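Comments concern the structure below.
The values are calculated or read from the model by the stated rules, or taken from the named source; none is laboratory data. Since the structure is predicted, the reported quantities are computational estimates derived from the model, not experimental observations. Cβ placement follows ideal geometry from the backbone for every residue including glycine, while neighbour counts extend to all protein chains displayed. The area values use the complete protein model at the heavy-atom level, side chains included, leaving out ligands, DNA and RNA. Shrake-Rupley method; radii C 1.70, N 1.55, O 1.52, S 1.80 Å.
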Amino acid sequence: MASRGEGAERGGRARSSRRLRRELVERLERDGSLTDAAVRKAFLAVPRERFVPEAAARDGLEAVYRNQVILTTRDERGMWTSSSSQPSIMALMLERLDVREGQRVLEIGAGTGYNGALLAELVGPAGRVVSVELEPATARGARRALAGFAPVKVVGGDGRQGFGRGAPYDRIIVTASGAEVPSALFEQLVEGGLLELPLWVDRAGQTQAIVTFRKQAGRLRSTAVLFGGFMPLREAAGAAVPAGGVQLSANERVGGHGRPLVMLGGEALRKLSATARRRLLSLALSEPRVSQLGLRGPRGALLLYLVLEAPQHFVGSWLAPGLIGADGRGLALLAGRRTITRIEAYGDPGPERLLRDLVERWKRHGRPTERDLRVDVSFGREGRSSIAWGWSS
Ligand SMILES: C[S@@+](CC[C@H](N)C(=O)[O-])C[C@H]1O[C@@H](n2cnc3c(N)ncnc32)[C@H](O)[C@@H]1O
């Protein structure tokens, strides 16, 4: 039996947890990632620490309620394979999934079980939530956390196959990313139902968009697009995390504080020889030619525009998206603190010209953002998805 002191400590902890939940919700409301009353109620009802017990014991309750991803599991090579996602992304995704009371929901990637518990709150006692998890130990952890708390059925297995025995579903949410839409998920969704998943915009998954689709007349049409990055869907338990393409980086460390000087990723790097990559990295470390763009551009929107309109030239990162020439002897990056205001160019002038042209085209196009992205998915005879990305005109 717990002593009076222990009981008081538990009571204090529960009160702190409720207060921290309220503060997190207020923060998400302030930054615009939470607007829906039902999603708000779910975040207030579910204690996150229950699903990340190790992080709670190690870092304390306050840390659990920061708007941050909590990494939980690594593979043998030290690559992260599971986490509790950032609460603001979870809230944005849950709102777009438009979950109603009494619905049947399938989640792929149970992870800690936290999102599953939020889904269970949203569907209420008349609804049903099934969550599929690839890693047996992670599935066991999620079951333990959910036991006696939220009626979520956690199933072990490859979520790309869905869970046929519980089908059909009104809503399907995938919390790991991929280059394709698994056809089993399409088949297990009701006509008019919503499917939400993080899709790779480039071939290596370095740029992702979280797309919500409605199933209509034999295909999927997007209803909303968000920015965000998720760990990749893996093929088997214990399988290596798929390598995320080529990346070049250089860091500076002064007095124990590190900062990245260069971070370049993207399809275009794959075509360069090892010598050309080293030359490009040293070019990116030299002094740039700086020119103003004459606008304040949204970073994410311009990044998406470059990846989709010039994939063969795209390099860069969220902080500095840009282009290279075919031989890697020229580089041009979009730069700016909060918004994009200038071009930083290195070496041959070709990529700089192309980047200016593309920014002009983006302006003529009406400055589209991720909200103007339209994604259409159809399925071939063998069930392979064919994904068409475009801008609403
Ligand atoms: C970002 S975490 C999910 C977060 C989770 N929804 C939560 O609330 O904690 C991604 C999860 O997907 C799982 N996963 C990866 N590939 C999978 C697959 N093919 N099928 C099912 N789960 C998979 C990982 O093991 C990991 O637990």
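Take the Cα coordinates of region 12-227, assign each an equal point scatterer, and use the Debye formula without solvent to give log10 I(q)/I(0) at q = 0.07, 0.09, 0.14, 0.17 Å⁻¹. Taken in order of the listed q values, log10 I(q)/I(0) reads -0.20, -0.33, -0.83, -1.26. For Arg353, the accessible area of its heavy atoms, probed at 1.4 Å with every protein chain present, is near 150 square angstrom. With a cap of 13 neighbouring Cβ atoms within 10 Å, and only residues DSSP puts in a loop, list the trypsin sites (Lys or Arg not before Pro) found in region 290-337. In loop regions of region 290-337 (DSSP not H, G, I, E or B), the sparsely surrounded trypsin sites (Lys or Arg not before Pro) are Arg337. A Cα-only calculation for the chain places Rg and Dmax at 22.6, 75 Å. Put simply, the amide H of Gln208, placed in the peptide plane, has neighbours under 5 Å in Val201, Gly228, leaving out anything fewer than 5 places away on its chain. The value of relative contact order for region 177-323, using C-alpha pairs under 8 Å at least six residues apart, is 17 percent.
For the peptides 375-387, 96-108, 135-147, 34-46, the ranking by packing is 96-108, 135-147, 34-46, 375-387, with the highest mean count of neighbouring Cβ atoms within 10 Å listed first. Picking from Ser33, Ala147, Ala276, whose Cα lies most toward the positive end of the charge dipole for the chain (charges on Cβ: Lys, Arg +1; Asp, Glu -1)? Comparing the listed Cα positions along the dipole, Ser33 ranks first. For the pair Glu191 and Asp327, a Förster radius of 41 Å applied to the C-beta separation gives a FRET efficiency near 0.25, rounded to the nearest 0.05. The charge dipole of region 53-106, taken about its Cα centre with unit charges on the Cβ of Lys, Arg, Asp and Glu (plus for the first two, minus for the last two), comes to roughly 100 debye.
Need one word for region 247-364: rounded, prolate or oblate. Basis is the Cα gyration tensor (sqrt eigenvalues a ≥ b ≥ c); a/c below 1.5 gives rounded, then a/b vs b/c decides. Because a/c hits 1.5 or more and a/b fails to exceed b/c, region 247-364 counts as oblate. In this Cβ point-charge picture (+1 for Lys and Arg, -1 for Asp and Glu), region 247-364 has a dipole of about 240 debye about its Cα centre. Tyr346 contributes about 20 Å² of solvent-accessible surface, heavy atoms of the protein only, 1.4 Å probe.
Relative contact order for region 247-364: what is it in percent, counting Cα pairs under 8 Å that are at least 6 residues apart? Rounded, it is 24 percent for region 247-364.
Since only Gly192, Ile210, Gly265 are under comparison, the one whose Cα sits farthest along the positive direction of the charge dipole of region 159-281, derived from C-beta charges on Lys, Arg, Asp and Glu, is Gly265. The stretch between Glu26 and Gln161, if pulled fully straight at 0.36 nm per residue, gains 44.9 nm over its current Cα-Cα span. Shown is the FRET efficiency for Glu54 and Glu252, computed with R0 = 41 Å from the Cβ-Cβ distance and rounded to the nearest 0.05: 0.80.
Rolling a 1.4 Å probe over the protein chains gives His257 an accessible area of about 140 Å².
Around the amide H of Thr72, modelled in the peptide plane, lie the amide H atoms of Ser82, Ser83, Ser84, all under 5 Å away and 5 or more residues distant in sequence or on another chain. Could you work out, for region 344-393, what percent of all Cα-Cα pairs fall into each 5 Å distance bin, beginning at 0 Å and stopping at the bin that holds the largest distance? Whole-percent P(r) values from 0 Å outward: 5, 16, 16, 13, 14, 13, 11, 8, 3, 1. With R₀ fixed at 25 Å, the C-beta to C-beta distance from Thr73 to Glu101 puts the FRET efficiency at about 0.20. When the Cα positions of Gly228, Gly336, Trp391 are compared along the charge dipole of the chain, Gly336 comes out farthest toward the positive end, with charges on each C-beta of Lys, Arg, Asp and Glu.
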